Amino acid sequence: MQRIDRLGALLSLVAACALALAPLVVLKANRIVPGQPQALLDVLPAWTVLLLYGVLATAATVALRVQAPRVRLVVALTGMITLALAVATAANDLTPEGNRVLRVAPGAGFWIVMIALGLLATDALTRLKPGPLLRVVILVVVLAALLAALGSGFFDDLSIMREYAVNATRFAREARQHLMLALGSLAAAVMVALPLGVFCHRQPRLKAAVLGTLNFVQTIPSIALFGILMAPLAALAAAWPALASIGVSGIGTAPAAIALFLYSLLPIVGNTVVGLARVSPATVDAAHGMGLTDWQTLRQVELPLALPTILTGIRIVLVQNIGLVTIAALIGGGGFGTFVFQGIGQTAIDLVLLGAIPVVVLAFSASVVLDAIADLTRRVPR
Amino acid sequence: MITIERICKRYDLTTVVDDVSMLIEPRTITVIVGTSGSGKSTLLRMINRLVEPTSGRVLIDGKDTRKEPAHLLRRRIGYAIQGLGLFPHRTVADNIATVPRLLGWDDARVRARVNELLEVFQLDPAAYAAKFPHELSGGQQQRVGVARALAAGPNVLLMDEPFGALDPIIRSKAQDDLLDIQRRFGTTVIVVTHDMDEAFRLGDRVAVMSQGRLLQHDRPEALITKPADPFVSQLIGSGDKSLKLLSLTTAGEIAEPGSADGPAVTSSTSLRDVLAELVWRGASAATVVGPDGVAIGHIKLASILAHGRQAS
């Protein structure tokens, strides 16, 4: 008898429970009231529902019994597309022409089955072991397909897209702000942390002090750090109007950028130190012995060999920053967090999702891209 | 000519190298041998100033090594170490090109030199120039390490346990290669090792170190026949002294005129190997032939035995 795939069993079980217990589609009278679960059979033609369940059952069977990663990838993707189309069709059918108040939202069942299928697809992709460049290409294709699908208008009757339609201009602005805060604080941190890491490597006595301090910073909860920075920055801005004129104030971008910068230091400094320490002493000795100066040894030998490890640190920071910027919205830092906190305030869950989903997609994309870059720089097997 | 004058290295209270003076003749191989912690590596590293002496000085061709910046001095001195220290992120060709590039050679000259060295070290440039060190065998990596050290044609080559990581067969081949290369380029080579057999095989001169002091610096035969210190004889070992001594002399050196019935040996064969051949064949004399196969004399078993008795 063929072995049953363990991950496939778990995912199938979770998805089956979700389908049995949670709705795929929820109908709400307006954007803030709790919704009524809708049975798909009441909304869609019977053959469509049968087709959907057939596709999902096939996916479950393949997940359980078929090992070939390509087949698993194809059924997972087919499942995700079919489910998305089914829910969107239901939304289109449920929404009366011209009604802007009624909301049709994907239910908990939809999200859980989607996540299960997504994990199945990711696992299949991992088993295919694509090279770094191919991974980036796959990411770009998937993102492009997603954007094209959302841009086609077919999904416009879903509640999240309704929220997007209302907030479209703000969405672009907050997206820019989110990226600027995450990337800007990262760039500043790299410029400080890289030299600091090299310094710690050369001066082992200072290493403990520097890493200890940064470790302590890392343990301060983000909301607390935002709060701690508010008072001194406000005082600074009040004392020197010049600072205030370039944007320094107790709330807003300045404390957010500073906090993100501080959180970014430890992973980069730490990974720089580890990466440099991993370079074989014989290699460094040979470099000096052949007449490379200290600076040449650092630039031509030590840094290139430590680069994959340093890039891993940068990846950690970027993913962490993309998440943390969300919280920065609390102190007026802007970014996708604005939607999340507004949504919480209005008990409008669709608005929360409008902020949260792009953050997840951004963090995931950043991780894939930087992972690929780190792999490309790793000319030497570990 | 390398002159080491009363050189010392102290770290706080420990003296690692204690008042060592040495004269190293150009175009010779000098082997510094000693147990671990004897200060032999430190002595070597003070020649290219990877370690700065506490006192004393090193002169190369009469010029004090402290007269120029350390990194410029090192570019004129070849350096190869155990574990090689090849740059894992650079190709074989780029590794070998390290010092020529530091010296600002133009690309065509660098490429020509890299190809020349790869040929000398029996590595086909077409197959190996673009490979990375981890794609090579241990023996190939070792050859690249030495090729890199010789890339800019240095007069002096320093080697710290260069064959330490090799298995016995490849090691023996690497030692032969080094002797060939040294003869071909006329480089002054200084090798550090803990292996007395290696010292005898390679060294025109052998320097024995213990606890930071230089006990004896002499021709290898002299270490056996006239050890300056009990530690020297202990290091050489008492069991096969005579065989070691025989291994230092070639058949050509003690051949007598006229031929003999018996196996033919080439003039470059060591007396130790001639003896083994005679014992194996049950013969009492061997004919010595030149590289061209023409007989140039003969060797009697008795004269080999007499030669080996100098050891006692």
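What about A:Val352, is it in contact with a Ser or Thr (Cβ under 7 Å, 6 or more places away or on another chain) and in contact (Cβ under 8 Å) with a residue 12 or more places away in the chain?
No.
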**OP:** From A:Gly313, A:Gly291, A:Gly270, grab the single residue that is crowded, with 21+ Cβ neighbours inside 10 Å, within 14 Å of another protein chain (Cβ to nearest Cβ), more than 30 Å from A:Arg31 (Cβ to Cβ) and not hydrophobic (A, V, I, L, M, F, W, C).
**Re:** A:Gly291
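Considering A:Ala76, A:Ala108, A:Ala46, A:Ala59, which residue is closer than 29 Å to A:Leu351 by Cβ and aliphatic (A, V, I, L, M)?
Every option except A:Ala108 fails the conditions.
Of B:Leu215, B:Leu301, B:Leu275, B:Leu271, which residue is under 18 Å from B:Glu198 (Cα atoms) and in contact (Cβ under 8 Å) with a residue 12 or more places away in the chain?
Numbers: B:Leu215 fails: under 18 Å from B:Glu198 (Cα atoms); B:Leu301 fails: under 18 Å from B:Glu198 (Cα atoms); B:Leu275 fails: under 18 Å from B:Glu198 (Cα atoms).
Exactly one of B:Leu215, B:Leu301, B:Leu275, B:Leu271 is under 18 Å from B:Glu198 (Cα atoms) and in contact (Cβ under 8 Å) with a residue 12 or more places away in the chain, namely B:Leu271.
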Original post:
Quick one: would you say A:Gln177 is within 25 Å of A:Phe336 (Cβ to Cβ), modelled with pLDDT of 90 or more and out of contact with any strand residue (DSSP E or B) (no Cβ under 6 Å at 6 or more places or on another chain)?
Top reply: yes
Subject >> Residue list for segment B:52-96, restricted to those being touching a strand residue (DSSP E or B) at 6+ places or on another chain (Cβ under 6 Å) and over 30 Å from B:Ala127 (Cα atoms) >> reply: B:Pro53, B:Thr54, B:Ser55, B:Gly56, B:Arg57, B:Val58, B:Leu59, B:Ile60, B:Asp64, B:Thr65
Original post:
So which residues in segment A:333-355 are on the phi > 0 side of the Ramachandran plot and either within 14 Å of chain B (Cβ to nearest Cβ) or more than 21 Å from the chain's Cα centre (by Cα) (or both)?
Top reply: A:Thr347
Original post:
Among (1) touching a residue at least 40 places away in the same chain (Cβ under 8 Å); (2) part of a helix (DSSP H, G or I), where does A:Ala234 come up short?
Top reply: (1)
**OP:** Would you check if there is a residue in segment A:79-89 being at pLDDT below 90 and touching a Pro at 6+ places or on another chain (Cβ under 8 Å)?
**Re:** no
Subject >> Among the candidates A:Val284, A:Val279, A:Val317, residue that is farther than 25 Å from A:Leu370 by Cβ, of a type in the set (Val, Ile, Thr) and in the same structural domain as A:Pro195 (by TED's automatic domain parsing) >> reply: A:Val284
**OP:** Tell me which residues, restricted to segment B:129-149, are within 13 Å of another protein chain (Cβ to nearest Cβ), part of a loop (DSSP other than H, G, I, E, B), surrounded by fewer than 18 Cβ atoms within 10 Å (Cβ to Cβ) and not aliphatic (A, V, I, L, M).
**Re:** B:Lys131
Original post:
Can you pull out the residues in segment A:240-298 that are among the aromatic types (Phe, Trp, Tyr) and not in a helix (DSSP H, G or I)?
Top reply: A:Trp240
**OP:** Looking only at segment B:161-179, decide whether some residue is buried (at least 20 other Cβ atoms within 10 Å of the Cβ), assigned to a loop (DSSP other than H, G, I, E, B) and away from chain A (no Cβ under 14 Å).
**Re:** yes
Subject >> helices (runs of 4 or more DSSP H) wholly inside segment B:193-312 containing at least 2 residues that are of a type in the set (Asp, Glu) and on the phi < 0 side of the Ramachandran plot >> reply: B:196-202, B:271-281
**OP:** Name the one entry in A:Val104, A:Val136 that is touching a residue at least 12 places away in the same chain (Cβ under 8 Å), among the aliphatic types (A, V, I, L, M) and in contact with a strand residue (DSSP E or B) (Cβ under 7 Å, 6 or more places away or on another chain).
**Re:** A:Val104
**OP:** Scan A:Ala286, A:Ala188, A:Ala259, A:Ala193 and give me the residue that is surrounded by 20 or more Cβ atoms within 10 Å (Cβ to Cβ) and touching a Phe, Trp or Tyr at 6+ places or on another chain (Cβ under 6 Å).
**Re:** A:Ala259
**OP:** Consider A:Ala306 carefully, then state whether it is farther than 26 Å from A:Leu376 by Cβ, in contact with a Gly (Cβ under 6 Å, 6 or more places away or on another chain) and either crowded, with 24+ Cβ neighbours inside 10 Å or within 11 Å of chain B (Cβ to nearest Cβ) (or both).
**Re:** no
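The values are calculated or read from the model by the stated rules, or taken from the named source; none is laboratory data. What you see is a predicted model, and the numbers here were worked out from it, not measured in a lab. Note that each Cβ is placed from the backbone with ideal geometry, even for glycine, and that neighbours are counted across all protein chains shown.
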